[in-house]
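First up is the structure itself, then whatever we jot down about it.
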Ligand SMILES: Cc1ncc(COP(=O)(O)O)c(C=O)c1O
């Protein structure tokens, strides 16, 4: 594919000046948004969050017709551990009640010890990645190795924090995570 047709492809254009590209539909996978390609949001999470944000609903008789029993009990359980409810300042590291459950989940899933003290909550992956990059970049000589194809956040954040060199490694390349000599010298 030429670089021009790559641009059209990226813009979701499937034809140009009468020339038809050999596809009819573009599925945007560049920002990894499952709902963008039709996945439904997880109702349980939204319902629990609704009750956490408006706990007065739990006192209404109608609550059991509006929300399933597992949602109600999860919301009550969490509210009992969140002093002040949602909307108030939490621990800077993130709500302890949530970090405890994440640590339990990691232990069960991965079979390795975890603890709430090791968990830091952020609102999405981007702030966590940016914090880590900011810690790693002290001056423009600090280089960050970014696998390509990459999510745009990485190179953009390295530029923002004035880390100069981005060494790229093609992840599909059979050399694993090692850089080629050419890339190391960039
Ligand atoms: C590889 C990669 N990094 C970072 C992000 C950003 O995640 P968030 O939207 O949670 O900030 C995404 C989102 O799709 C991603 O695919």
| remark: The residue from 87, 124 that alone is within 16 Å of the ligand (Cβ to nearest atom), exposed (fewer than 11 other Cβ atoms within 10 Å of the Cβ), modelled with pLDDT under 95 and under 30 Å from residue 49 (Cβ atoms) is 124
| Residues in region 135-159 that are touching a helix residue (DSSP H, G or I) at 6+ places or on another chain (Cβ under 8 Å), away from the ligand (no atom under 14 Å from the Cβ) and modelled with pLDDT of 90 or more: how many? | 1
| said: Looking only at region 24-76, how many residues end up being out of contact with any helix residue (DSSP H, G or I) (no Cβ under 6 Å at 6 or more places or on another chain), surrounded by 14 or more Cβ atoms within 10 Å (Cβ to Cβ) and in a loop (DSSP other than H, G, I, E, B)? | reply: 1
| Restricting to region 90-120, what's the tally of residues that are in a loop (DSSP other than H, G, I, E, B) and under 16 Å from residue 49 (Cα atoms)? | 3
| What are the residues in region 145-158 that are in contact with a strand residue (DSSP E or B) (Cβ under 6 Å, 6 or more places away or on another chain) and closer than 15 Å to residue 130 by Cα, if any? | 145, 146, 154, 155, 158
| message | Suppose we filter 101, 109, 74 for residues that are farther than 19 Å from residue 44 by Cα and more than 16 Å from the ligand (Cβ to nearest atom); which single one remains? | response | 109
| note | Note on residue 129: of the conditions (1) part of a helix (DSSP H, G or I); (2) touching a helix residue (DSSP H, G or I) at 6+ places or on another chain (Cβ under 7 Å); (3) more than 20 Å from residue 33 (Cα to Cα), unmet is (3)
| task | Within region 135-147, track down each residue that is outside any loop (DSSP other than H, G, I, E, B) and either at positive phi or surrounded by 14 or more Cβ atoms within 10 Å (Cβ to Cβ) (or both). | result | 144, 145, 146, 147
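The values are calculated or read from the model by the stated rules, or taken from the named source; none is laboratory data. All values derive from a computational prediction rather than experimental measurement. We place every Cβ from the backbone using ideal geometry, glycine too, and count neighbours over all the protein chains shown.
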